[in-house]
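S.K.: First the structure, then my questions, so here it is.
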Amino acid sequence: MKINIVKSKKDVGKAAAEAILDLLKSEHANIGLATGNSPIECYDTLVQYFSKHELPKYWHFFNIDEYDQVPIDLEGTCNAYLQERFYGPLNIPENQIHRLYAETFPFFEQNLHKAGGLDLCMLGIGKNGHIAFNEPGTPFGSVTHRMELTEASKQQHGDEFGGVGNVPSHGLTIGMKTIMNSRRILLIANGPEKAEMIHKALTGPVTESVPASILQLHPALTVVLDEAAASRFQ
């Protein structure tokens, strides 16, 4: 495990983007993309870079989670977020984008496996330790599945839907096994509200009650934290 502590949220984004750009050295790259507050500056940095440099045709992007039973272009969805912040600004061809939603869900794991699996999976972490939409109690052996969202997760995402009551009850997500099969994992977090959980996940027992704790066992985990999120390590 490599932990990189940087000064600010903006610096977290820049460091995350640098980790993704390191894949330019590879002949092929399948990249799992997170959404939420933490990666915003990462996408800003990538858009700036690829506005001046050609995006490799061999790069493929996989949405790692999505809300279930809502249009994927609805404001607040993971796909709408990525379309607005990354896919759209760079006019990324559709054949390089692999969206997770109701129609693709039954075949998503199989198609990802056929593509060679994820070379890098970028993750945020929820206040309850969830990664992607893998809530506490998700079996470590799970693959892409449908998940009932906890009240804690709904609270965390309430602003995206104009209130907690509007947050969909279920999500679609790549599984814990899918994540751990990634060749590299990039975990990012910022802000004091993440400090306790990120410390617990990375130093406490490996348990399904804290989904992110399994990342301790990954041989190529990079963690990027701002000073506030890293306060328990200092």
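Read-outs throughout are calculated quantities, based only on the coordinates presented, and are distinct from any laboratory measurement. The structure presented is a predicted model; accordingly, all values stated were derived computationally and were not measured. Note: ideal-geometry Cβ built from the backbone for every residue, glycine included; neighbour counts use all protein chains shown.
S.K.: Of (i) 16.3, 46; (ii) 25.3, 101; (iii) 17.5, 49, which one was derived for Rg and Dmax of the Cα atoms in Å from the structure shown?
M.R.: (i)
S.K.: Provide the net charge surrounding Val47, with neighbours chosen by a C-beta distance below 15 Å and charges set as Lys +1, Arg +1, Asp -1, Glu -1.
M.R.: Counting the neighbours of Val47, the net charge comes to -1.
S.K.: How would segment 8-119 be classified by its alpha-carbon gyration tensor: rounded, prolate or oblate, with rounded meaning a/c under 1.5 and the a/b versus b/c comparison settling the rest?
M.R.: Oblate, since a/c reaches 1.5 and b/c is not below a/b.
S.K.: Rounding to the nearest 20 debye, state how big the charge dipole of segment 88-234 is about its Cα centre with +1 on each Lys and Arg Cβ and -1 on each Asp and Glu Cβ.
M.R.: 380 debye
S.K.: Sequence-distant or interchain residues sharing an amide H contact under 5 Å with Lys127, placed H: which?
M.R.: Excluding prolines and chain starts, which carry no amide H, there are no hits.
S.K.: Could you give the length gained by full extension between Tyr58 and Lys10, i.e. 0.36 nm per residue of separation minus their alpha carbon distance, to one decimal place?
M.R.: Between Tyr58 and Lys10, full extension yields an extra 14.5 nm.
S.K.: Using only the Cα atoms, what convex hull volume per residue in Å³ does segment 67-124 have?
M.R.: 106 Å³
S.K.: May I ask you to evaluate 6.51 cos²θ - 1.76 cosθ + 1.60, the Karplus curve with θ = phi - 60°, for each residue of segment 22-39 and list the ³J(HN,Hα) values in order in whole Hz, giving x for glycine and proline?
M.R.: 4, 6, 4, 6, 8, 7, 8, 8, 10, 10, x, 10, 8, 10, x, 6, 5, x
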